[in-house]
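Below is one structure, written out as C-alpha cells, with a few remarks after it.
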Amino acid sequence: MKKTPKQKTSMTRLQKNIIALLSVVACLLASGVSYYGYRTYQEFMTKPLGASAPQFTPQSLPATWTPTVGTPLGLVTYVPTISFDSTPTPRPICGGVGVMNVLAVGADSRSDTYEYGLADVIRLVRVDFSNQKVAVLEFPRDLWVEIPYIADNINGQDHEKLNQAYLYGQPGDGFAYWDDPSRGPGLLALTMNLNFGVKTDHYISVNMRTFVKVVNAVDGIEINIPNEEYADSTGLDIGKHHLNGDQALKVARSRTEGVFARVDNQNLVLCSLRKKLSSPEVVTQIPELLASFQDNIFTDMTPQQLSQLACLGTKIKPENITFASFPQELFKETRIMDPVFNKRVFVWDVDFNILRNYVAQFQAGTWPSQSASIEESEEDAVSVVCE
C-alpha cells in the first residue's frame, strides 16, 4: 500500500520521539556509570592500603631546645624559644597536607610477603608539602628499648633491640605479640613514641625483594663514589657506577666500615634513586610504578597519598632533601645480657633524653638547619644533602 505524505510525516515524528527518548535514557545511563566509576575511583584512591598506625599520647617536650655547650651526657638545658615570625605559611602543593611524618622501614625479609623480618633500616621522614622539603632521620637499630605488649609473651622481658619491635608485631614465625592490624610497623611506631617521643602519621615498609624490583623497574641507578672512604665502605672504585637492584641492595647493606658508614651508603643509594625517579624519562612512569608496587609494600597510606608523595618528589629541589643522623659521639659500644637469646648482645649506650630532644626539634622542622655552618653541623650531627 502506498504511504500518503501525512503517514510519512507521522512516522518521522514517531522515530524522532523514540530517538529522543533513547538519547535521554543513554545519557542517564552514562551519567550513572560515570558517577559510579568516579565514586569507585575515589573510594580506591582514598582507602588506606593497610591498617592505620596507633594514635600516640602527646609528649610533654618543648617545641625547640638548645643544648648547653659542654653539657655532659644526660644533662640537657631546655631553653624555650618564642617566635613572632608573621610570614604566612605557603599553601601545600600536590594536594598534600602541610606536614606529614612517615615511619619508613626496610625489612630484611627476602620474601614477597610481610609475615616476618627485622627492621633492617629505620627512618623517620618529615615531608613538608608547604615548604617543599623532606628531612630523613636515621635511627640505629641496635638501641636497647622498652617494647610494649611483649612482656607476657617472653617471660616478663620488656626490653629488646629496636629492630625487634618490628619482628614481634609481625604474624609470622609465631610472633604477633602486638594484637593490632598495623602489625610490625605499628608496634615499632609505638615503641619509638614510648622511647623517643616520635609521632608518626603513616608508615611504609619495604622488604629487600621489593627494593630490588623498584631499582630494576627504573633500569638501575647511577651512583658516584666520591672518595676512598666511600670506596672502602661500598667495595666500589672511586667514580661513577651503574647499579642494578641487587647491586644497589648490596651497597646499601654493606657495613664493612661500621654501622655509621652503612648509613652513609644507604643515603648515597637513596639520593641516587631519588634522582633517577625525578628524571624526565621516569617521571611519566611514576603512576604505573606506584600501581605495580602498591601490592608489594606494606603501608597504611592511600593510593592518593602515595601519588601526592610522587608528585612532590618530581617538584622538590635536591638541596631541600636532607638526611640526618644523631651525633656519633653520643653512642658508645657496650653489651647487655639478653634473656631471650641467653647471651650478651651488642647495643648502643646512649642517653635517650638527648635523643628525644633531637627528635622534638626534628619534628618541629628546626633541625637539621640547612643554614648552619659546617662547624655547627659537625658539633650537632651528621647531615647529608642530596646533590
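In the structure shown, the pairs 199/276; 240/317; 240/275; 133/240; 250/315 are assessed against 18 Å; a Cα-Cα span above that value is assigned to 199/276; 240/317; 133/240; 250/315.
For a quick protection proxy, order the peptides 145-153, 237-245 by their average other-Cβ count within 10 Å, most packed first.
Details: 145-153: 17.1, 237-245: 13.9.
The most tightly packed comes first, giving 145-153, 237-245.
In this label model, residue 173 and residue 238 are separated by 4.1 nm, measuring between points 7 Å along each Cα→Cβ vector. For region 342-351, the Karplus equation 6.51 cos²θ - 1.76 cosθ + 1.60, evaluated at θ = phi - 60°, returns couplings of 6, 7, 7, 10, 6, 9, 8, 8, 8, 7 Hz by residue, with Gly and Pro reported as x.
May I ask you to sort 298, 331, 346, 260 by Cβ crowding, counting other Cβ atoms within 10 Å and putting the fewest first? Present the calculation step by step, with values, prior to reporting the outcome.
Working: 298 22, 331 19, 346 13, 260 16.
Ordered by Cβ neighbours within 10 Å, fewest first: 346, 260, 331, 298.
By the count of other C-beta atoms within 10 Å, a proxy for reagent exposure, 306, 188 are ordered fewest to most as 306, 188.
Is there a quick way to get the dipole size of region 144-300? I mean about its Cα centre, with the Cβ of Lys and Arg at +1 and of Asp and Glu at -1; what is the value in debye to the nearest 20?
Numbers: 13 positive and 21 negative charges, 60 e Å.
My answer is approximately 300 debye.
Exposure proxy for 317, 213: other Cβ atoms within 10 Å of each Cβ, ordered fewest to most, give 317, 213. For the peptides 154-162, 308-316, residues were scored by their other Cβ atoms within 10 Å and the scores averaged per peptide; the highest-first order is 308-316, 154-162. For the pair region 150-201 / region 224-274, the C-alpha centres are spaced 30 Å from each other.
FYI, it's all coordinate maths here, none of it is from the lab. The model shown is predicted, which means the values in this text are computed figures rather than measured ones. Because the Cβ atoms are built from the backbone with ideal geometry, glycine has one as well, and the counts that use them run over all protein chains shown.
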